[in-house]
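Novice: So that we are looking at the same thing, I have put the structure below in structure tokens.
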Amino acid sequence: MSKNNLALLNSIIEEYTLTNFSDKELNKDQIFEVFATDSFFNKYDFSIEDIKNGLIGGKKDWGIDGFYILIKGKSIKSIEDLEGINLERNFNIDLYVFQYKNIETIKEDVIDKFLTISSYISDIDKKESIVNSKTISQDVLDSISLFHTILTKNASRFPFVNIDFIHASRGDSDQINGKNRTNESYLQKIGDLEEIIMSNSLGGKTTFKYDLLGTEELKDLAQYQKSYSGELKLNENPIFVEYGEEGIQKGYIATAYLKDFFKFLVEYDEDENPILKEYLFESNIRDYQNKTIVNNDIEATLIDPKKENDFWWLNNGITILADEGSLIGKTFSLDNIQIVNGLQTSHSIYHALKNMNYDEDNRTVFCKVIITKNDKSRDSIIKATNFQNAVPASSLRSTNIIQRDIETFLFQNGLYYDRRKNFYKNKGKPINKIISINYLAQALTAVLLSNPSKARTNPTVLTKTDDDYNKIFNNNTPIEVYYYIALLRLETEKQIKNKLKNTTDELEKDVNNYFQLHLLRIIASMLANKSRISNQDMKIIDESSINSIPENIIDGAITFLKYLLENEYISKGEKNLANISKSSKINRDIDENIKSIL
């Protein structure tokens with residue numbers, strides 16, 4: 001390892017901290033967890049919400065600090081997240097299990113803990129033996145249970161399961177993997193871990209991997225930059241279609257050789273293998289549907305050795321959006337690229353051409369290239385090019401006028417509303433100021449609907465149906481209410497975490513882990529002095545009280561909630577507070593007793 005690697009990594013983490021987190025929001029170990037996960041999943045384009053949802057470390061975690069299930073590059077946190085994803089035979093389930101050590105050495109006890117938990121992960125029957133155990137946290141149990149549920153519900157599809165254990169630290173990985181390694185015992189235990197995983201049949205095929213992320217590896221991962229810029233070489237001069245104010249918006253009709261479009265779609269790994277730039281498809285509402293009849297036909301056409309027809313004769317083509325672009329000769333140079341229609345075609349081209357010699361292939365693909373910085377135009381194009389019968393209305397929420405209005409208002413007040421996933425993260429905005437649609441939907445459900453349990457259960461369902469969506473996002477809600485509730489949630493979480501981060505009280509630890517949204521609902525009532533909160537109640541709360549919630553209100557909310565939990569649940573023998581936090585009964589108990597503290 002270069003002697004400079006540790007200094008460089010520490011500098012990168014320090015800059016990451018200053019850019020993304022306010023003072024004392026997270027401790028150094030927690031920041032390291034977020035940083036290492038963000039760096040590891042850089043190419044998957046995880047949102048900060050995706051990252052935090054998988055961090056499950058804490059008391060009774062059995063050494064599991066992070067647990068991430070990915071299917072088709074998407075983070076899965078509930079069985080409902082699979083709805084709308086086409087799962088073909090032998091689809092891939094990718095499981096990533098993390099331990100983080102914010103220290104400058106490689107500790108062998110990390111792999112000892114992996115060895116302890118591994119059989120419960122890989123042996124579905126054995127997991128039942130710890131369901132009622134008091135020695136393992138509910139978050140770890142829920143994560144393992146979700147993994148097993150996905151496996152059992154899709155057993156007939158014989159999924160391929162890829163399990164990757166990751167040990168992340170600021171230590172020198174050369175002492176384990178290098179030529180002059182000093183810890184053969186660690187390597188032997190990796191072999192033992194693989195043997196445990198591979199001894200259980202989890203589907204069609206199981207693969208094992210172990211990643212040791214030390215100083216050099218984390219430094220390299222953190223320095224990876226996604227390229228939203230690129231050059232698209234055309235086979236002929238395009239047709240320019242002028243519309244609107246000159247120089248502001250441009251449209252082109254063009255064709256490109258398949259081989260050149262393939263190069264536009266990919267980057268290459270260290271072994272010169274092509275990798276599809278998945279992040280270019282963020283604005284495309286549909287995911288790749290894999291082996292559908294249509295996609296099979298597209299790929300069959302692409303690999304047909306006869307090549308009787310030009311490809312663009314048979315295909316509707318690609319729509320490419322860019323903020324800026326210039327045409328020099330027959331080559332487009334484009335910035336902030338998004339492929340908003342043609343995802344199926346693009347994936348099919350990638351899958352077909354990556355395994356064939358395409359140098360002599362002179363077939364072409366049809367492309368529409370639209371260059372505009374106008375956000376409303378971009379949203380309209382995204383909606384129009386994706387709005388076909390197969391797309392549910394819930395998939396188009398981000399293009400609603402009200403969502404654009406919320407984004408504008410929050411931006412004017414120093415927050416970044418990420419209605420387009422990772423738009424602000426990719427622009428380098430601080431992640432502790434980024435508000436996702438799901439994050440805001442949870443807060444609105446907890447405060448305005450007095451339903452923190454539903455908000456905690458699964459945020460993705462809160463905007464799934466038109467009925468649920470319209471209850472929290474509608475024209476009857478003043479725009480500033482969305483800002484106040486977002487701000488209130490941010491401030492509540494920060495103060496609760498600071499208040500309880502060093503507590504030794506077991507109940508307070510559970511309150512901190514499972515009842516943040518319930519405390520948000522209680523604190524909103526205390527600030528407004530109302531048992532149920534309306535839009536008008538939120539409007540009249542003094543903004544300075546939201547920006548700095550009085551300490552007596554924080555203490556009062558925690559005391560009130562602890563009293564309810566002790567008297568209504570714990571004293572009656574109910575111990576699983578994680579499940580209680582998702583029950584409708586706790587909502588009713590808060591509603592019935594909240595007046596006692598107003």
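The values are calculated or read from the model by the stated rules, or taken from the named source; none is laboratory data. In this text, all values refer to a predicted model and were calculated from it rather than measured experimentally. Every residue, glycine as well, gets a Cβ built from its backbone with ideal geometry; the counts of neighbours run over all protein chains shown. Heads up: the accessible areas ignore ligands, DNA and RNA and are worked out on the full protein's heavy atoms, side chains in. Shrake-Rupley method; radii C 1.70, N 1.55, O 1.52, S 1.80 Å.
Novice: Report the accessible area of ARG420, computed with a 1.4 Å probe over the heavy atoms of all protein chains in place, in Å² rounded to the nearest 10.
Specialist: 40
Novice: Could you work out the relative contact order of the stretch 129-264, using alpha carbon pairs under 8 angstrom and six or more residues apart, expressed as a whole percent? Don't skip to the end; give the middle numbers.
Specialist: On the way: 127 pairs, mean separation 30.0, N = 136.
Relative contact order of the stretch 129-264: 22 percent.
Novice: Does the stretch 527-598 classify as rounded, prolate or oblate by the C-alpha gyration tensor (a ≥ b ≥ c root eigenvalues; a/c under 1.5 gives rounded; else a/b over b/c gives prolate, otherwise oblate)?
Specialist: prolate
Novice: Report the extension gain between SER333 and ASP505 in nm, rounded to one decimal, defined as 0.36 nm multiplied by the number of residues separating them, less their alpha carbon distance.
Specialist: Net length gain for the segment: 56.0 nm.
Novice: Sticking with this one: For LYS368, go through the lysines and keep the ones whose alpha-carbon is under 16 Å away, minus same-chain ones fewer than eight residues off.
Specialist: In chain and number order, the partners are LYS233, LYS250, LYS330, LYS383.
Novice: Is the C-alpha gyration tensor of the stretch 419-518 telling us rounded, prolate or oblate? Criteria: a/c under 1.5 is rounded; beyond that, a/b larger than b/c is prolate, otherwise oblate. Intermediate results must be reported in sequence, preceding the final value.
Specialist: Working: a/c = 1.97, a/b = 1.35, b/c = 1.46.
Oblate, since a/c reaches 1.5 and b/c is not below a/b.
Novice: Rounded, prolate or oblate: which fits the stretch 185-235 when a ≥ b ≥ c are the square roots of the eigenvalues of the alpha-carbon gyration tensor, with rounded for a/c under 1.5 and prolate only if a/b beats b/c?
Specialist: Judged from the Cα gyration tensor, the stretch 185-235 comes out oblate (a/c at least 1.5, b/c at or above a/b).
Novice: Once the whole set of protein chains is in place, how much accessible area is left on SER380, using a 1.4 Å probe, in Å² to the nearest 10?
Specialist: Around 70 Å² of this residue is reachable by solvent.
Novice: May I ask you to list the aspartates and glutamates whose Cα is less than 14 Å away from that of LYS471, ignoring any residue fewer than eight positions away on the same chain?
Specialist: The qualifying aspartates and glutamates are none; the list is empty.
Novice: A follow-up question, please. In the stretch 22-52, which trypsin sites (Lys or Arg not before Pro) fall in coil by DSSP and have 16 or fewer other Cβ atoms within 10 Å? Spell out each step's value before the answer.
Specialist: Numbers: sites: LYS24, LYS28, LYS43, LYS52; in loops: LYS24.
Taking the stretch 22-52 and a limit of 16 other Cβ atoms within 10 Å, the loop trypsin sites (Lys or Arg not before Pro) found are LYS24.
Novice: If one takes the longest principal axis of the Cα atoms in the chain, at what angle in degrees, from 0 to 90 and to the nearest 10, does the Cα axis of helix 138-153 lie?
Specialist: 40
Novice: Report, in whole Å, the centroid distance computed from the Cα atoms of the stretch 437-510 and the stretch 155-227.
Specialist: 36
Novice: Taking the Cα centre of the stretch 177-252 as origin, sum charge times position over the Cβ atoms of Lys and Arg (+1) and Asp and Glu (-1), and report the length of that vector in debye to the nearest 20. Intermediate values should be presented prior to the final figure.
Specialist: On the way: 9 positive and 13 negative charges, 69 e Å.
Roughly 340 debye for the stretch 177-252.
Novice: Cross-link candidates for LYS530: which lysines have Cα within less than 18 Å, leaving aside residues fewer than 8 places away along the same chain?
Specialist: Filter leaves LYS539, LYS595.
Novice: Distance check, please: which entries in LYS113/LYS205; LYS52/LYS585; LYS52/LYS77; LYS226/LYS263 exceed 18 angstrom between their Cα atoms?
Specialist: Over 18 Å apart, Cα to Cα: LYS113/LYS205; LYS52/LYS585.
Novice: Right, another one. Pairs of alpha-carbon atoms within less than 8 angstrom and 6+ residues apart define the contacts here; what relative contact order does the chain have, in percent? List each step's numbers first, then the result.
Specialist: On the way: 885 pairs, mean separation 68.3, N = 598.
Relative contact order for the chain comes out at 11 percent.
Novice: Starting from the Cα-Cα distance between ASN200 and SER156, subtract it from 0.36 nm times their residue separation and give me the gain in nm to one decimal.
Specialist: 14.1 nm
Novice: To the nearest 10 degrees, how steeply does helix 109-122 sit against the main Cα axis of the chain, on a 0 to 90 scale?
Specialist: Result, in degrees: 80.
Novice: Return one number: the angle in degrees, 0 to 90 and rounded to the nearest 10, between the long axis of the Cα atoms of helix 343-353 and the longest principal axis of the Cα atoms of the chain.
Specialist: That helix lies at roughly 60 degrees to the long axis.
Novice: What percent does the relative contact order of the stretch 206-268 come to when contacts are Cα pairs within less than 8 Å and at least six residues apart? Numbers along the way, then the final one.
Specialist: Numbers: 43 pairs, mean separation 17.9, N = 63.
Answer for the stretch 206-268 is 28 percent.
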